[in-house]
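Novice: Could you have a look at this structure, given as structure tokens, before my questions?
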Amino acid sequence: MEYDVLGYLGAGAALGLGAGLSPGPLLALVLKQSFSHGTKEGVKVAFSPLLTDLPVLVLAIMGVAWIKTHPVFMGGISIAGAAVVAFLGYECFRVRPLALPDMRVAPASIKKGVLTNFANPHVYIFWFTVGGPTTVLAAESGLLSPAAFLGGFYACIVGSKTALAVLAGRSRNFFSGRGYLVLMRFLGAALFLFALFLIRDGLEFLGVL
């Protein structure tokens, strides 16, 4: 996938927003901690990907760096990555208004966030099929491109979850209103578009295009 630096930044941002705002175990924990213990505890959970993703990312990059010399495998990974991103987009369109009850539990937000993210299979699937391959391919254009992709991704996944923690700490209305649903539909469309680019790259690796 060959983009300029801004293209990689945009791709990382779109994926980060999709992952950050889509319902899942980590988002549920962000909201629960914010509802029960205030914004600060939800924000702690929002930063947990920065603590958990590095080993997974390193393993994914090492694996893809070897596979990159085999176009057929890279084609398969790109197609699989397209399926993962399309599923994220589909999940965005399936989002319904959120209504979570109060939960009175001990905070331990960082510990819970780390354990939740480590136990989430979507993290491993994403980095081995989308995040890792995109980072490796971006590195062919120099260090700035992968830095832009990863920077855009983490700024948006952490930033979006932090914003949701702030909203949850102040009001539940946003999650049951139309604004949240419109935002998720927009992100779903952006992810579907990105999935098409991954399919194109996969077909190029396979020699179809």
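The values are calculated or read from the model by the stated rules, or taken from the named source; none is laboratory data. This is a predicted model, so every value here is computed, not measured. Here the Cβ is made from the backbone with ideal geometry for all residues, glycine too, and neighbour counts use every protein chain on show.
Novice: Output the number of residues of the range 1-27 satisfying the condition of being farther than 17 Å from Leu88 by Cα and surrounded by 18 or more Cβ atoms within 10 Å (Cβ to Cβ).
Specialist: 4
Novice: Quickly run through the range 140-166 and pick out the residues that are free of Cβ contacts under 8 Å to residues at least 60 places away in the same chain and either crowded, with 18+ Cβ neighbours inside 10 Å or under 17 Å from Gly113 (Cβ atoms) (or both).
Specialist: Hit for the range 140-166 is Ala163, nothing else.
Novice: Determine whether Leu98 is more than 25 Å from Phe194 (Cα to Cα), of a type outside the set (Lys, Arg) and at pLDDT 80 or above.
Specialist: So Leu98 does not fit the description; no.
Novice: What is the number of the single condition among (1) farther than 26 Å from Ile67 by Cβ; (2) of a type outside the set (Ser, Thr, Tyr); (3) at pLDDT below 80 that Lys161 does not meet?
Specialist: Of everything listed in (1) farther than 26 Å from Ile67 by Cβ; (2) of a type outside the set (Ser, Thr, Tyr); (3) at pLDDT below 80, Lys161 misses just condition (3).
Novice: Also, quick follow-up: Kindly indicate whether any position in the range 168-175 is among the polar types (S, T, N, Q), without any contact (Cβ under 8 Å) to a residue 24 or more places away in the chain and farther than 19 Å from Phe93 by Cβ.
Specialist: Checking the range 168-175: at least one residue is among the polar types (S, T, N, Q), without any contact (Cβ under 8 Å) to a residue 24 or more places away in the chain and farther than 19 Å from Phe93 by Cβ.
Novice: Also, I was wondering about something else. How about the range 28-62: which of its residues are under 25 Å from Arg94 (Cα atoms) and at pLDDT 80 or above?
Specialist: Val30, Gly42, Val45, Ala46, Pro49
Novice: Let me ask something additional. Give the residue that is surrounded by the most Cβ atoms within 10 Å (Cβ to Cβ), with candidates limited to residues of the range 68-95 that are more than 23 Å from the chain's Cα centre (by Cα) and of a type in the set (Val, Ile, Thr).
Specialist: That would be Val72.
Novice: Of the residues Val136, Val208, which is of a type in the set (Val, Ile, Thr) and surrounded by fewer than 15 Cβ atoms within 10 Å (Cβ to Cβ)?
Specialist: Going through Val136, Val208 in turn, just one is of a type in the set (Val, Ile, Thr) and surrounded by fewer than 15 Cβ atoms within 10 Å (Cβ to Cβ): Val208.
Novice: Take Ala13 and decide whether it is out of contact with any strand residue (DSSP E or B) (no Cβ under 9 Å at 6 or more places or on another chain) and within 17 Å of Leu198 (Cα to Cα).
Specialist: Here the answer is yes, as Ala13 does meet what is asked.
Novice: Scanning the range 45-67 for residues that are among the β-branched types (Val, Ile, Thr) and touching a Phe, Trp or Tyr at 6+ places or on another chain (Cβ under 9 Å), which turns out surrounded by the most Cβ atoms within 10 Å (Cβ to Cβ)?
Specialist: The selected residue is Val64.
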